[in-house]
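Working notes for the structure below.
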């Protein structure tokens, strides 16, 4: 006999007993109501009130425990995530990330008050200022690029390059030799030391 068969037979016996108990209770309740109607009504109201009270008390206790558990979970997750962020970002988490998160949260909260026309105008003007700064930076880039090209032309000899790829291969070989001399372990330690200082 398998476990499922045992569970099915136990469930059938339990349901049979429940059926017998409920049918006898209903018959007794009908008999009591015919014989003592007022007393039966008061007893049923008292038992129903007590059962309702117990159910409401348990559900309220369960709901309050759920809220407290949720609050504890949020607090613990916040502390753990803050610890992880402080471990990886150091003081930058305190100096930069917290203010960014605060301003982002304030921006999300302020979206609900966006129906005011003056706020929309301010937002559009801020976007316009941002685009004008972006356009001014883009217009400044060709000058910087031209200065970069002039610097490259003045400091490197391009006369020998023409169709001669040996010169390019020689430069690439020098770059590869330089990369072979780089100690990545020292570089990583220096980088992590610099990151942890900031």
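Farther than 30 Å from residue 195 by Cα, part of a helix (DSSP H, G or I), out of contact with any helix residue (DSSP H, G or I) (no Cβ under 9 Å at 6 or more places or on another chain) and not assigned by TED's automatic domain parsing to the domain that holds residue 194: does that describe residue 46? For residue 46, the condition - farther than 30 Å from residue 195 by Cα, part of a helix (DSSP H, G or I), out of contact with any helix residue (DSSP H, G or I) (no Cβ under 9 Å at 6 or more places or on another chain) and not assigned by TED's automatic domain parsing to the domain that holds residue 194 - is met. When 40, 52, 78 are checked against the criterion of being closer than 30 Å to residue 195 by Cα, assigned to a helix (DSSP H, G or I) and at pLDDT 80 or above, a single residue qualifies: 78.
Of all residues in region 1-36, exactly one satisfies the criterion of being closer than 16 Å to residue 47 by Cβ and outside any helix (DSSP H, G or I), namely 36.
Residues checked against (1) surrounded by 10 or more Cβ atoms within 10 Å (Cβ to Cβ); (2) in contact (Cβ under 8 Å) with a residue 12 or more places away in the chain:
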residue	(1), (2)
29	yes, yes
34	no, no
47	yes, no
66	yes, no
72	yes, no
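Can we say residue 97 is farther than 30 Å from residue 194 by Cα and either surrounded by fewer than 10 Cβ atoms within 10 Å (Cβ to Cβ) or in contact with a helix residue (DSSP H, G or I) (Cβ under 8 Å, 6 or more places away or on another chain) (or both)? For residue 97, the condition - farther than 30 Å from residue 194 by Cα and either surrounded by fewer than 10 Cβ atoms within 10 Å (Cβ to Cβ) or in contact with a helix residue (DSSP H, G or I) (Cβ under 8 Å, 6 or more places away or on another chain) (or both) - is not met.
The values are calculated or read from the model by the stated rules, or taken from the named source; none is laboratory data. A quick note: this is a predicted structure, and the numbers were derived from the prediction, not measured. A quick note on method: Cβ atoms are made from the backbone with ideal geometry, for glycine too, and the neighbour counts reach across all protein chains shown.
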